[in-house]
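Heads up: the structure comes next, in structure tokens.
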Amino acid sequence: MDTLQVLYLICALAPVILMAALAVAARLNSISTPRLWRLFQWVSIAALVSTGLLLPLVSKGAQWPGVITATALSLIIALLVQLLGTVIGAFSARYLTGEPGQQRYVSALACVLASVHLLLVADHWQLLIAAWASVGIALQQLLCFYSDRPFALLAAHKKRIADRLADVMLIGAAALAWIEVGSGSLSALWLHIAQHGMSLPLQSSAVLLVLAVILRTALLPVHGWLIQVMEAPTPVSALLHAGVVNLGGFVIIRFAPMLEQATTARMLLLAFGLATAVLAGMVMLTRISIKVRLAWSTVAQMGFMLLECALGLYTLAALHLIGHSLYKAHAFLSASTAVRQTRAQVLRGASPPSATSLVLAPVLTIFTVLLVQTLAGQTSWPWWWSLILGLAWAPMLWLPAAQTGWSTRAVQIFFGFLMVTGLTLAATAAHALPFGLEDAPHRELGLIALIGMAALSFFQALLQGRPQLLTHWRRWSYAGFYLDEAYTRLALHIWPTRWMPQATTQIQPKSAT
């Protein structure tokens, strides 16, 4: 091993070692809480710098195949997660002021960050499985920080069941691939697939991998825990929604060489991703609570991101992952501001979109996306994806039905077109970023996705314009189509637990007089 490889290994493992050491130190209770938070900030910054130093080493080709392999995408996500962890740590120090158990909180937070780093650079089945399991175990401590909140305990229990099932699926996938390839190295797996194609054991391994990702990424019907973790501290919600639940998308992108030749696994991912994006998108429109709407939005976005992976649009999925992480971190950490803005909107009075804008908006957004692509002289994705993007961005051109001046409407239309144009240009420019990804669009699956997203767009417009026609559907949508209730009953039947805290006081019987 030459000097460059040694330096590569040090920089790759330094964030893992630093954050793991901090997790152990926090458990010793030998450091005061204020000093512990300051130490967390310094260690987190050191991990951030170490990850940044790894970028030029990757460009020089330094690797350790079969154990640790950092790609451009994994390092970008590692930098993002560590940056979010640093910000969330600073927010948590203020948020938890005066709360007991902060040493336990710091230890669990550091362990989550260390495990995420290890997962992102793992090039072996064993490291991948151990790191992802460690993320879930450490996250349990954060979810149960307030042990007297029953729904937080229930959410943690349901997540524990989903995680253990995902572990079983991953172990099965690893065993099948290991036996077939003769090695647990992921680099060896890609080489074997390139030379020999996908055998039946590898096809089965891909299916098990997809099922594990579905369980870990909180797709329907195992999404309930992601909604109920609103009982956890706000910075924990930000960490979960912005940095942890997205890992499923990264794993699928990492296994793109396998997924591209596994038709059954790809169709399974498409079915769950599309169903989750459509149904969760409908539920989100019926919710009032800001944090609950954000949670349902995350479920829908996870479905949409895995849909992109199933369609072979890995660059867009990576861009989606990064953008969603930044947006959700900001949204949760500024939730109080969102509440004030919502109250102000209620006081001003909300007006539903006009029927004309509901009809014309998708046509205009689709036309804008296609026009920008044509003028840019670059086709970064298939035509059917341009239609899907146009449908998804149509609400930006919805205009309120309430009478307003033409100048106000002109400003709204201008900024709507500006946002659609800007998003299209950003998505196009993202294909020039050095992610090191090669897209493999699948036309037939893309048409299925287009039909599903068109149905979602239609129901959204109908729900806004003619809600009386969907009264029964709206009731089911508000209840989340009762999917979580069924999963909760099944989970408690399979693995019973006491999730309601015991009463601390008892009613004393009256004494006889």
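Residues of segment 228-241 that are modelled with pLDDT under 85 and assigned to a helix (DSSP H, G or I): Gln228, Val229, Met230, Glu231. A count restricted to segment 308-335 and to residues that are within 19 Å of Glu438 (Cα to Cα) and either among the β-branched types (Val, Ile, Thr) or within 10 Å of the chain's Cα centre (by Cα) (or both) stands at 4. Answer yes or no as to whether Val207 is at pLDDT 95 or above and open to solvent by 50 Å² or more (accessible area, probe 1.4 Å). In short, no. Among the residues of segment 271-307, those identified as more than 12 Å from the chain's Cα centre (by Cα), hydrophobic (A, V, I, L, M, F, W, C) and open to solvent by less than 10 Å² (accessible area, probe 1.4 Å) are Ala277, Ala280, Met282, Val283, Leu307. Take the residues in segment 1-41 that are among the hydroxyl-bearing types (Ser, Thr, Tyr) and open to solvent by 20 Å² or more (accessible area, probe 1.4 Å), then tell me which one is nearest to Pro100 (Cα to Cα). Only one residue tops the list, namely Thr33. Could you tell me whether Ile179 is free of Cβ contacts under 8 Å to residues at least 40 places away in the same chain and part of a helix (DSSP H, G or I)? Yes: the conditions hold for Ile179. Looking only at segment 60-71, decide whether some residue is open to solvent by less than 70 Å² (accessible area, probe 1.4 Å) and either over 25 Å from Arg254 (Cβ atoms) or aromatic (Phe, Trp, Tyr) (or both). Within segment 60-71, not a single residue is open to solvent by less than 70 Å² (accessible area, probe 1.4 Å) and either over 25 Å from Arg254 (Cβ atoms) or aromatic (Phe, Trp, Tyr) (or both). With respect to the conditions (1) more than 28 Å from Ser334 (Cα to Cα); (2) touching a residue at least 12 places away in the same chain (Cβ under 8 Å); (3) hydroxyl-bearing (Ser, Thr, Tyr), Thr51 lacks only one, and its number is (1). Here Pro352 fulfils each of the conditions (1) in contact (Cβ under 8 Å) with a residue 60 or more places away in the chain; (2) crowded, with 19+ Cβ neighbours inside 10 Å; (3) under 16 Å from Gln460 (Cα atoms) apart from (2).
Of all the residues in segment 11-40, those that are of a type outside the set (D, E, K, R) and over 22 Å from Val135 (Cα atoms) number 6.
Residues in segment 450-464 include at least one that is in contact with a helix residue (DSSP H, G or I) (Cβ under 8 Å, 6 or more places away or on another chain), of a type outside the set (Ser, Thr, Tyr), free of Cβ contacts under 8 Å to residues at least 60 places away in the same chain and open to solvent by less than 70 Å² (accessible area, probe 1.4 Å).
The values are calculated or read from the model by the stated rules, or taken from the named source; none is laboratory data. Since we're looking at a predicted model, the values are computed, not measured. In this analysis, Cβ positions are derived from the backbone assuming ideal geometry, glycine residues included, and neighbour counts consider all displayed protein chains. With ligands, DNA and RNA removed, areas are computed over all heavy atoms of the protein, side chains included. Shrake-Rupley method; radii C 1.70, N 1.55, O 1.52, S 1.80 Å.
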